[in-house]
Each structure stands twice: as structure tokens, then as C-alpha cells.
Amino acid sequence: MERHRETRRLKVALAISSVYFLAELIAGFLTNSLALLSDAGHMFSDIAAMALSLFAFQIARRPATDNSTYGYHRVEILAALFNGLALWLIVGVIFTAAYNRLFSPPEVASRGMIVVAVIGLVVNIAAGVILYDPHHHSLNLRGAFLHVVSDAVGSLGAIAAGLIMLLTGWYLADPLISIFIGVLILFSSWNLITESLSILMQSVPREIRLDEVRDTIEAVEGVAKVHDLHVWAVTSGVFTLSAHAVVENGGDFHEVLNGIEGILRRRFNIEHTTIQLEVENQEETEFKGF
């Protein structure tokens, strides 16, 4: 149900962004504004990001198979990583175009540029509002949301550049603000890329502290200690844990296992667990090499 709601919101945001992209692209050529063309290019990346996110949601719904026992949830993370890298590629294009204009900035139709940029800002705010709530729960949607936010920043930059050029005739503002927009995009996408790589490398999720998980399990009645503890994320918000728990002599394995699984579910939202229970004396013997 949650994924269905997210998919519907993505479709609405995608439709709004697609209509405006065509208008901004045409306006960028007519006004000769690099800031507008850069923003249009970024808007196209928004469209691609949201389309990719929709595709990832569809693939992730496929059931697990014998070859893909966890299903296809990681497709969402790959989509998020691709979106982050796409932002960096766009920044490279913006920087190249801006550099070429720094030494001989052309005249820009500032009034038309401002009007189009204001409309673009409104469109991006609308798309951002649509994606704001679900982006907290999905790294895939966070990638699409960051595209929209950074594009809104681009629209603000285009408005600022247009006002400067309109009031002062200083056309160097166009490439300079384009460079500034590019730097902001780099910063905004950094966490998206690093978090995507972290999940793909099966690192401990940033929401979870491994020491705290270990202490929580060892606090369960009947547990002597825990070793070989691993926690990772299959996708955003879907955590998996595997561990060996040493049960005190006389401990009830069934109660201990239920206690561990229950506390992990309630406290850390870890639903998928693989816990091997060991008898205390047996575990000590194994470590002695017998």
C-alpha cells in the first residue's frame, strides 16, 4: 500500500516536471540564457530520475526467486546511486558550459529568463511537496527528491542572475551563478551517493549502532553473550541481522529466541533475523579448540 502511494505521487510529479521541461528548454534557447538551459538540463535529469525510480519500484515488486532469494529490492538502491552519479554528470556539463562563457558572456534576454525561472520554481516546489513525505522512507525516492530540490535551487539562481543582468547589464552573472548552482548540486548529492554505496557494501545502517544491538541482545534473559553479529540493509528501511547467541546453562532456547526477535523488532525495526543459538559449555569448548 505504501509503495502504491509513493508510485502515484511519483507519477504526478513526473507529469508536472515533463510539461515544464519542454517549456523551459524552448525558453532557454529563445533567451540565450545558460542558467535557463542548465536548469532545463537539470529538469530533464529530474524526469529521468523519477522515471528510473518508478521503474525501480516496479522491479522491486517482483517476488523472490531461487536465484534472487532477497527479491529485487536492491534495484531501488542502484537507482538511487545512478541518480546521484547523474547529478555529478550534469554538474560537469554545467561547469564546462559556464567556463566557455566566462571570458565572453553573451547578451541574455533577462526579462523572459526571469519569467520562465519563476514558473520553474513554482513547478519544482509543487513536485517537492508531492515527494517530501515519502522521501524520508526510501533512498530511491530521496534521489528523485534531491533532483527536484537542487533544480529549485537552480531556478532561484536563474531568477537571481536574471535580476542582476536586468538591473546592471552584467551578463557575467549568468555563468557565475550557473557554477554556484553546480557546486550546490554536488553537495546535495554527496550523501545520496555515499549512503547508496554503504548499502551496496552491506555496511551497518546509519540508523543502527552495532554496540547497542549487541548490548540489547545480551540483556535478554538467558543470553550469556553474542558473537559473529552482522547487521545490514537490503534496501531503505529493510534491515537484516545474523548472529550467534550463547544461551546460559538451563536456558529455554524457544523463549530466548522469541525474546531476541521481539526486542530487535520493537527497538530497531529489524524484521529479518538469522540467529544461531549455542549452549554455553559447548561454545566454550569450541573456542578451546576441541
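With the condition kept exactly as written, say whether any residue in the range 109-121 is small (Gly, Ala, Ser), farther than 18 Å from Trp88 by Cα, crowded, with 24+ Cβ neighbours inside 10 Å and touching a helix residue (DSSP H, G or I) at 6+ places or on another chain (Cβ under 9 Å). Yes - at least one qualifying residue is present in the range 109-121. In this structure, Arg62 does not qualify as part of a helix (DSSP H, G or I) and surrounded by fewer than 20 Cβ atoms within 10 Å (Cβ to Cβ). Summed over the range 213-263, the residues that are closer than 30 Å to Ser68 by Cβ and assigned to a strand (DSSP E or B) give a count of 18.
If you filter the range 65-76 down to residues that are in a loop (DSSP other than H, G, I, E, B) and not aromatic (Phe, Trp, Tyr), you find that the one that is surrounded by the most Cβ atoms within 10 Å (Cβ to Cβ) is His73.
For Glu218, are the conditions met, namely being modelled with pLDDT under 90 and over 27 Å from Ser138 (Cβ atoms)?
Numbers: modelled with pLDDT under 90: no; over 27 Å from Ser138 (Cβ atoms): yes.
So Glu218 fails the test.
Look at (1) more than 24 Å from the chain's Cα centre (by Cα); (2) surrounded by 14 or more Cβ atoms within 10 Å (Cβ to Cβ); (3) among the β-branched types (Val, Ile, Thr) and you find that Ile193 fails only one, number (1). Would you say Ala79 is out of contact with any strand residue (DSSP E or B) (no Cβ under 8 Å at 6 or more places or on another chain), touching a residue at least 40 places away in the same chain (Cβ under 8 Å) and either crowded, with 23+ Cβ neighbours inside 10 Å or assigned to a helix (DSSP H, G or I) (or both)? Answer is yes for this residue.
Of the conditions (1) free of Cβ contacts under 8 Å to residues at least 24 places away in the same chain; (2) assigned to a helix (DSSP H, G or I), Ser178 clears all except one; give me its number. Of everything listed in (1) free of Cβ contacts under 8 Å to residues at least 24 places away in the same chain; (2) assigned to a helix (DSSP H, G or I), Ser178 misses just condition (1). Filter the range 163-174 for residues that are modelled with pLDDT of 85 or more and outside any loop (DSSP other than H, G, I, E, B); which is nearest to Ile90 (Cα to Cα)? Among them, the one singled out is Ala173. Among the numbered conditions (1) within 17 Å of Ser138 (Cα to Cα); (2) free of Cβ contacts under 8 Å to residues at least 12 places away in the same chain; (3) touching a Ser or Thr at 6+ places or on another chain (Cβ under 9 Å), the only one that Ala233 does not meet is (2). Condition check for Arg265 on (1) at pLDDT 90 or above; (2) surrounded by 16 or more Cβ atoms within 10 Å (Cβ to Cβ): one failure, at (2). Here Ile199 meets the list (1) in contact (Cβ under 8 Å) with a residue 24 or more places away in the chain; (2) farther than 23 Å from Ala79 by Cβ almost entirely, failing just condition (2).
Is it fair to say Val238 is within 30 Å of Arg142 (Cβ to Cβ) and modelled with pLDDT under 90? Before the answer, list the steps.
Working: within 30 Å of Arg142 (Cβ to Cβ): yes; modelled with pLDDT under 90: yes.
Judged against the criteria, Val238 is a match.
Does Ala27 meet the test of being more than 20 Å from the chain's Cα centre (by Cα), at pLDDT below 80, surrounded by fewer than 20 Cβ atoms within 10 Å (Cβ to Cβ) and not in a loop (DSSP other than H, G, I, E, B)? Please lay out each step first, then the result.
Working: more than 20 Å from the chain's Cα centre (by Cα): yes; at pLDDT below 80: yes; surrounded by fewer than 20 Cβ atoms within 10 Å (Cβ to Cβ): no; not in a loop (DSSP other than H, G, I, E, B): yes.
Against the criterion (more than 20 Å from the chain's Cα centre (by Cα), at pLDDT below 80, surrounded by fewer than 20 Cβ atoms within 10 Å (Cβ to Cβ) and not in a loop (DSSP other than H, G, I, E, B)), Ala27 does not qualify.
The values are calculated or read from the model by the stated rules, or taken from the named source; none is laboratory data. This structure is a prediction, so every number in the text was calculated from the model and none was measured. We place every Cβ from the backbone using ideal geometry, glycine too, and count neighbours over all the protein chains shown.
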